[in-house]
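A short reminder: the numbers here are calculations on the coordinates, not readings from a lab. All values derive from a computational prediction rather than experimental measurement. In this analysis, Cβ positions are derived from the backbone assuming ideal geometry, glycine residues included, and neighbour counts consider all displayed protein chains.
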Amino acid sequence: MRKNITVRQLPNFINGKYVETSETFDVLYPVTGEVTAKAHKAGQAEVDAAVAAARAALHGPWGKLTQQDRAKMVRAIAEGVQKRFDDFLEAEVLDTGKPYSVASHVDIPRGASNFAAFADVLRENPTETFMLDTPDGSGALNYGVRRPRGVIGIISPWNLPLLLMTFKAGPALACGNTVVVKPSEVTPSTATLMGEVMNEVGVPEGVYNVVHGFGDTGQLLTSHPDIDGITFTGETLTGSIILKAIAPTLKGASMEMGGKNPGIVFEDADLDLTIKELGRSCFLNTGQVCLGTERVYVHESIFDQVRDRLKDYAENQLHYGYPDEDTTNFGPVVSDEHREKVLSYYKLAEEEGATVVTGGGAPAFEDERDGGSWVEPTIWTGLTHDSRVATEEIFGPCTALIPFTDEDEVIKLANDTNYGLAATFFTTNASRVHRVAPQLEAGIVWVNSWFLRDLRTAFGGMKHSGIGREGGVHGLDFYTELSNVCVKY
Ligand code: 6OD
């Protein structure tokens, strides 16, 4: 039902305290377009203060904790998020408009488990050792020692705000770093609320800081000489601007960027399972998942069947509604600006000769939701593989179905992109699984599933989809500095 909204203040969180500024910006509820909060924009002074606090904390009580005590505290943060589950849920829903059914199963639980899963990452992952023969016969021992990278700037996106911020803050803190977070200006609430959890749990001041703002605030972080590394999830274009900005101060970077992930349905796929998973990969979170499949290659022999069944899924399994309604599993996109982008591709698809199988526009509710940022789930056929709609990242609840005839051809089509984040394919042929998977140029390949996450695994993209990998041991390459110690006997 319609929410009674009381406009909240979202200050920055610096050195353990909430810090207001004179300039604020509106945060809107995408369901109706109402203002739900005023976020306090950080300028140079606040960013400097946050970075200074983070630097000081590195050498304060936080830096002096044993690995075990730090892990304990990181686990306590996870528990703290769980304890405040409903508050996080409410904050996330207000910022994104996503259904409670999605946020309560995806965003908020991962917000907690991203701390729990990485709490012991250092202790569980030994460094390498090598015995070395020396000319004098005495020998030497090499061993690796890891230390925190230092102050990490986290620039996190709006699609899975808590999930993606904590996927970075969790391992960063577990490795002993301190962080300054700049959440998306569209979804600043959960990062702000996390400050309360940090204080409740007793995380020392300065370890976790949040600054609010737009690209200019982000730029203050990326160019800041006292930040040691930037981890970013977002669009490829923004990522490339960030890489330019960090170059003069030679920071480390971990970049998870855009995608145009292929789905492939082979002729031997289990279609019940395929439609269930493809339905998620095309439409979950209103298509605003970097791993989503906006182009799906379907074997020509089952093309019509898959088209009809996915259409049925979109029309009968997805339910618009207010976020708190039990049946609602499809929300608005995050903002009017994003809605305009998605709708411009809906128009372009028709200009490029698409047949609209379902959707293609925006729903009308005849109530206050008409002020929100809604679009229809959309499926196209008739687009060519090289059309703009089938090659550019839209980040909406839409997909182009394209027929193929054989395995070699579809592997080429799947790889024919500048992106390389994820790929998803469906088959019941075990040999095909192992033959096709390694040929797909994607950092993450799912078979007969989608967005099935094990936090011990590597996460990240190749080509224009990213630089580096996070997750499990892989995050250590970014969140720590590795020194080799060579001891001569
Ligand atoms: O599951 C994750 O760890 C992750 N980083 C998901 C990213 C989704 C992007 O929209």
Problem - Label-to-label distance, nm, for residues given as Glu200 and Leu348 (7 Å Cα→Cβ offset) - result: 4.3 nm
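Antiparallel DSSP bridges in the chain: what percent, to the nearest 5?
Numbers: 28 of 71 bridges.
In the chain, DSSP labels about 40 percent of beta bridges as antiparallel.
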Practice task
Return the Cα extents of the range 103-254 along principal axes one, two and three, sorted largest first, each rounded to a whole Å.
Solution key: 64, 35, 28
Practice task
Calculate, for Glu23 and Asp136, the FRET efficiency according to 1/(1 + (r/R0)^6) with r their C-beta to C-beta distance and R0 56 Å; round to the nearest 0.05.
Solution key: 0.25
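Only Lys, Arg, Asp and Glu count, each charged at its Cβ (+1, +1, -1, -1), so figure out the dipole size of the chain about its Cα centre, rounded to 20 debye.
On the way: 43 positive and 66 negative charges, 358 e Å.
Magnitude of the dipole: close to 1720 debye.
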Fill in the blank from the handout: Taking placed amide H atoms and a strict 5 Å upper bound, the residues 5 or more places from His212 or on another chain that come that close are Ala42
Practice task
Mind sorting Arg307, Arg149 by how few other Cβ atoms lie within 10 Å of their own Cβ, fewest first?
Solution key: Arg307, Arg149
Handout entry: Two-site label geometry, Glu79 and Asn429: point separation in nm, points 7 Å out along Cα→Cβ
Key = 5.2 nm
Handout entry: Global size of the range 205-269 as Cα Rg and Dmax, reported in angstrom
Key = 16.6, 57
Exercise for the section: Return the lysines within reach of Lys311: Cα separation strictly under 26 angstrom, same-chain partners fewer than 8 residues apart disregarded; answer none if there are no such residues. Expected result: Lys98, Lys260, Lys276, Lys341, Lys347
Exercise for the section: Go through Val7, Leu482, Val27 and say which Cα lies farthest out towards the positive end of the charge dipole of the chain; charges sit on Cβ, +1 for Lys and Arg, -1 for Asp and Glu. Expected result: Leu482
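Cα convex hull of the chain: how many Å³ per residue? Let's see the in-between values first.
Working: hull volume 75.7 nm³, N = 489.
Dividing the Cα hull volume of the chain by its residues yields 155 Å³.
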Practice task
Calculate the dipole size of the range 1-59 relative to its Cα centre from +1 charges on Lys and Arg beta carbons and -1 charges on Asp and Glu beta carbons; express the result in debye to the nearest 20.
Solution key: 240 debye
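Under 12 Å from the Cβ of Leu413, count the other residues' Cβ atoms, weight Lys and Arg +1, Asp and Glu -1, and hand me the total.
Numbers: positive: Lys260, Arg295, Lys412; negative: Asp386, Asp406, Glu407, Asp408, Glu409, Asp416, Glu441.
That sum, taken over residues with Cβ under 12 Å, equals -4.
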Practice task
Would you pull out the residues with amide H under 5 Å of Cys398's amide H, same chain only if 5 or more places away, H placed 1.01 Å from N?
Solution key: Thr378
Fill in the blank from the handout: In debye to the nearest 20, the charge dipole size for the range 261-454, taken about the Cα centre with +1 at each Lys and Arg Cβ and -1 at each Asp and Glu Cβ, equals 440 debye
Practice task
Give the order of Leu318, Leu162 when sorted by the count of other beta carbons within 10 angstrom, beginning with the fewest.
Solution key: Leu318, Leu162
Handout entry: Per-pair calculated FRET efficiency, R0 = 41 Å: Lys244 and Thr327 via Cβ, rounded to 0.05
Key = 0.35
